[in-house]
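Report on one structure; see the data block that follows.
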Amino acid sequence: MVRSASLSAGSAILGPWPSHSILLFRIDLGGGVVDWFPTLMRQTVAALLLTSLGAFADDPGAMAIRNARIVTVSGPVIAKGTVVIRKGLIEAVGDGITVPPDAWIVEGDGLTVYPGLIDSLTTVGIPSLATAAAPAGGRGAAATPAVTPTDTAAAVTRSMGPEDRPRTTSWALAADEIVATDRRIATVRGAGITTTATFPMRGIFGGQGAIVDLLSDEKPAKMVVASPIGQYAAMTGGGRGGGGGGGAGFPGTTMGVISYIRQIYLDLDHYQAVKAAYARDPRGMPRPEYDRALEGIAASKRLLLPANRLVEVDRMLRFAAELKQNTVLYGGLEAYRPEVAELLKKYNTPLLVSLKFPVRVADSDPDEPGTLRALEQRDKAPSAPAALEKAGAKFALYSDGIEQPRDFQRAVKKAIDAGLSKEAALRALTLSPAEIYGVADRTGSIEKGKIANLVVTKGDLFDDATTVQMIIVDGRKYEPEPVPATGAGGRGGRGGN
Amino acid sequence: MRIQCMALITCLLAGAPVYAQTYVIRNGTIMTVAKGTFVGSVVVKDGKILEAGPNVTAPVGATVIDATGAFVTPGIIDCHSHIAIENVNEGSVAVSSMVDVRDVINPEDIAIYRAMAGGVTTANILHGSANPIGGQTLVLKMRWGADAHGLIFEGAVPGIKFALGENPKRAGNPAGGLGANAATTARYPATRMGVEDVIREAFNDAKAYKSDWDAYDAAVAKGEHPIPPRKDLRLEPLKEVLEGKRYVHVHSYLADEILMILRIADDYGFKVRTLQHVLEGYKVAKEIADHDAGASTFSDWYDYKEEVRDAIPYNAAIMQKKGVVVSLNSDDPELMRHLNSEAGKAMKYGGLTADEALAMVTLNPAKQLGIDKQVGSIETGKDADLVVYDKFPLSDYARVQKVLIDGKLYFDRDKEIAGQEAKTAEMMKLIEKEKAAAARPAAGGGRGQVNP
């Protein structure tokens, strides 16, 4: 068992019910130490447990974090309180809660408990999409979209029009593709992310996303919180829109993609009308063809459309209104411009703001600073969340491919330094995304009965000096991965003497 | 004449926001294009031209623009432009009529401001010429600062771009510059006869599509409830062409292909609204006039590719004299900024009068686009789209001083020059700020992009 190493190191793993977890008897956090058995007995009992896990699979164990500062998000901050977790759910929260006699206790003095963070747009959980972590239409502007078997097939037979359903896998379910072995799960969890809105980001219509709890060593079936939660769409054409030939075929441009999406929604209307007529009276009527692309669109609760610049926000909101489709925008590069918030409010549409704020490309020509607009974007993009907060527009934040916890924390800090309140930053990573995806009834805040997704820190969550102590997902405890010695986002001058 | 300057001063101090006021452009040489040229004034109210003449009654409270020694013309109309949109060619298929440049309007394209500062107030924004039947097109006003829909010329008939000759067949030609990828990416057609075939096939489809919908509409009219045919965005605009609801703008050069497209139009019962480029139009001017097609051409551009060997600078004048409505266009964001001097070339080559030449970038393109009731000349009731030049506008030396669109002052050279310093300073400030941030260690940034 992998976990035996952490056992001997004296750290805690909790969550007795699933078969893969191990009970642990010494909880050491923030200085507080609770011994449950005399030291001599530990190894014996641990060995016993390792050999008889099955017997404990249904153990209704409980855990309590007491005397901690609790930031519930949905309600006021509890200066010194207790959270009780049982069977993966929050059993009780408040100041003056009696710790159940069967609960393991974590002494929370000096610690803060937050709801687990939700990354509102990512591919974490689908390892094959790891290289294309940046959404095609998003800030990262990945030059090469992920190649999937579907894409390869499409490239061989070039799309000649909307009827070929180019780069469409609208029927695909992220929930069917989730695996706990994605190396990114443990990494991003270190930033306090317990939950993701994971989408199959491929092509134009990638498929249906799912809300996923970031468990390791677990069956995918246990990880899916909600599915489907919406359809991921990108606006990038297949290239070669210009004078030349077809390249990857139709559509090669944004206007081509827009016309394709418009056509597919018209086709859906027609498809449903024909299917309904056939269902009423099939005799003598040619059988309508089954169209999985349209079935996928029909099942979409909401459509995720990319919009970075103000022009794109305006364009996509008008387009969504034309399609009569419930929509969520993602990107938000220019959301610092007041018109963006006004438009979002006018169309009552939320925006997912990328945390990958633009920076000047390294080694770029110092004499070519770019346009005033590009300079303004690099200067002001981090203030976009603050602008949305002040204007009262609905928004959430997403990692846009940022993986290392330190980079993630820094990006959020950047937005806070640019005027975003800490409360709003936290909400944009917890309750707001839960509301946007319609799962606020079960996650996104610390409330009785919600899923026990928590992050426990020493210090304020997004402060530079803060350390994440433990992450609780579905009631199961994890620790952050050790920071790689020469991490991509590591501070300069590390090591030395 | 009572003059009040307060409003003007307020406007200049307030800076950016443009709003309709009452203006009197006073004591200039007014080139109306339609009603002669005279020294006098133009009164602008509620976005329209209220009055133009040697003597006008200035409304109380009107802002005066002193045009003494200056020239006032209608706003320039460019019948062929690709600015203000983010894509030009959906070149992946031979018939891309399902795409519409309306969907990718970019009101923040700086070319809009630059064109407007060159006197252009309206432009026909076209899809490119990568395919025999290209995308849908529309007419925009250069209302810099408006959002995408705020640029759209209300009431103008939408169009579609067709293209003949070398460009649409290049994509199908293995030797057409596609290199090693030619085998997998080439698409039909590869020849000029293929171009004709594609257009005819598309209209065969469109006719069948139209008859399906006509049958459906007839059934509905009889009170039946049939399932409607599938709406096909590729054929929908061609159906509109057949119904006369959408203008056809045809990229064309050679006399033979011009006659070819006119024959197709006759065969299928639609009209070619304009022939674009049409550099051999002078050879078939009578046929163009008989079809009632407009011709939108270049002034004196020639020999820049195979199919323009026979181009002559007299083309515009010859076609005009044969009864064709002729305009001069830019097809280029730079050329767009001095279409006035392009028009001037028609005076040198072909001996047109100043009015006739100026009409080729104002009233004639307005006629071609079906918007001559609203714009194209200085006449009472038309949109107040006006340009003030410091010198005779058909000269290279003329510079635009002021531009009004819908009666709003969108460009003022003095204000522009005065504002340039502040803009440069703002830019320098941001550059310095970025440099300072880069100099600090561990300035935060997104992963995947290295900090400078």
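The values are calculated or read from the model by the stated rules, or taken from the named source; none is laboratory data. Just so you know, these numbers come straight off a predicted model, no measurement behind them. FYI the Cβ positions are ideal-geometry reconstructions off the backbone, even for glycines, and counts take in every protein chain you see.
So that you can scan it fast, the table gives a plain yes or no per residue for (1) assigned to a helix (DSSP H, G or I); (2) within 17 Å of B:PRO132 (Cα to Cα):
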residue: B:GLY223; (1), (2): no, no
residue: B:PRO226; (1), (2): no, no
residue: B:ARG230; (1), (2): no, no
residue: B:GLU240; (1), (2): yes, no
residue: B:HIS249; (1), (2): no, yes
residue: B:GLU257; (1), (2): yes, yes
residue: B:LEU279; (1), (2): no, no
Checklist entry - Going through region B:131-150 one residue at a time, which ones are small (Gly, Ala, Ser), surrounded by fewer than 24 Cβ atoms within 10 Å (Cβ to Cβ), within 22 Å of A:GLU322 (Cβ to Cβ) and touching a residue at least 40 places away in the same chain (Cβ under 8 Å)? => result B:ALA148, B:GLY150
Checklist entry - B:VAL139 is checked against (1) within 12 Å of B:ILE83 (Cα to Cα); (2) over 10 Å from the mean Cα position of the chain (by Cα) and fails just one. What number does that condition carry? => result (2)
Checklist entry - Of these, B:GLY159, B:GLY179, which one is more than 8 Å from every other protein chain (Cβ to nearest Cβ) and at pLDDT 95 or above? => result B:GLY159
Checklist entry - When region A:394-411 is examined, which residues are found to be buried (at least 20 other Cβ atoms within 10 Å of the Cβ) and closer than 18 Å to A:SER432 by Cβ? => result A:PHE395, A:ALA396, A:LEU397, A:TYR398, A:SER399, A:ASP400, A:PHE408, A:ALA411
Checklist entry - Just wondering, is there one or more residues in region A:337-348 that are more than 22 Å from the chain's Cα centre (by Cα) and crowded, with 24+ Cβ neighbours inside 10 Å? => result yes
Checklist outcome for this item: Residue set B:ALA422, B:ALA398, B:ALA384; condition over 28 Å from B:HIS249 (Cα atoms) and touching a Lys or Arg at 6+ places or on another chain (Cβ under 6 Å); output residue B:ALA398
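So which of A:VAL113, A:VAL124 ends up being under 24 Å from A:ILE451 (Cβ atoms), buried (at least 24 other Cβ atoms within 10 Å of the Cβ), at pLDDT 95 or above and more than 16 Å from the chain's Cα centre (by Cα)?
Working: A:VAL124 fails: more than 16 Å from the chain's Cα centre (by Cα).
Residue meeting the stated conditions: A:VAL113.
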Checklist outcome for this item: Within region B:297-322, residues being among the basic types (Lys, Arg), free of Cβ contacts under 8 Å to residues at least 60 places away in the same chain and either over 21 Å from B:GLU356 (Cα atoms) or outside any helix (DSSP H, G or I) (or both) number 2
Next on the checklist: Please verify whether A:SER432 is among the small types (Gly, Ala, Ser), out of contact with any Lys or Arg (no Cβ under 8 Å at 6 or more places or on another chain) and in contact (Cβ under 8 Å) with a residue 12 or more places away in the chain, treating the condition exactly as stated.
Outcome noted: no
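Just need a number here: residues in region B:46-62 that are outside any loop (DSSP other than H, G, I, E, B), farther than 30 Å from B:GLN136 by Cα and out of contact with any Phe, Trp or Tyr (no Cβ under 8 Å at 6 or more places or on another chain).
Let us first name the residues in region B:46-62 that are outside any loop (DSSP other than H, G, I, E, B), namely B:48-53.
Keeping just the survivors that are farther than 30 Å from B:GLN136 by Cα gives B:49-53.
Still in the list and also out of contact with any Phe, Trp or Tyr (no Cβ under 8 Å at 6 or more places or on another chain): B:49-52.
Of the residues in region B:46-62, 4 are outside any loop (DSSP other than H, G, I, E, B), farther than 30 Å from B:GLN136 by Cα and out of contact with any Phe, Trp or Tyr (no Cβ under 8 Å at 6 or more places or on another chain).
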Checklist entry - B:ARG102: surrounded by fewer than 23 Cβ atoms within 10 Å (Cβ to Cβ), touching a strand residue (DSSP E or B) at 6+ places or on another chain (Cβ under 6 Å), closer than 18 Å to B:ILE160 by Cβ and basic (Lys, Arg), yes or no? => result yes
Next on the checklist: Out of the residues in region A:412-425 meeting the condition of being buried (at least 24 other Cβ atoms within 10 Å of the Cβ) and touching a Pro at 6+ places or on another chain (Cβ under 8 Å), tell me which one is farthest from the other protein chains (Cβ to nearest Cβ).
Outcome noted: A:LEU420
Next on the checklist: Among the numbered criteria (1) crowded, with 20+ Cβ neighbours inside 10 Å; (2) within 14 Å of another protein chain (Cβ to nearest Cβ); (3) in a helix (DSSP H, G or I); (4) not β-branched (Val, Ile, Thr), which one does A:PRO251 miss?
Outcome noted: (3)
Next on the checklist: Would you confirm, using the coordinates I've provided, whether B:LEU262 is out of contact with any Pro (no Cβ under 8 Å at 6 or more places or on another chain), buried (at least 16 other Cβ atoms within 10 Å of the Cβ) and farther than 22 Å from B:LEU363 by Cβ?
Outcome noted: yes
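Would you confirm, using the coordinates I've provided, whether A:ARG315 is among the charged types (D, E, K, R), in the same structural domain as A:ALA226 (by TED's automatic domain parsing) and either modelled with pLDDT of 95 or more or within 25 Å of the chain's Cα centre (by Cα) (or both)?
Working: among the charged types (D, E, K, R): yes; in the same structural domain as A:ALA226 (by TED's automatic domain parsing): yes; either modelled with pLDDT of 95 or more or within 25 Å of the chain's Cα centre (by Cα) (or both): yes.
Considered against the rule, which asks whether it is among the charged types (D, E, K, R), in the same structural domain as A:ALA226 (by TED's automatic domain parsing) and either modelled with pLDDT of 95 or more or within 25 Å of the chain's Cα centre (by Cα) (or both), A:ARG315 comes out as yes.
Answer yes or no as to whether B:VAL139 is at pLDDT 95 or above, assigned by TED's automatic domain parsing to the domain that holds B:PRO168, in contact with a Phe, Trp or Tyr (Cβ under 6 Å, 6 or more places away or on another chain) and closer than 23 Å to B:VAL272 by Cβ.
yes
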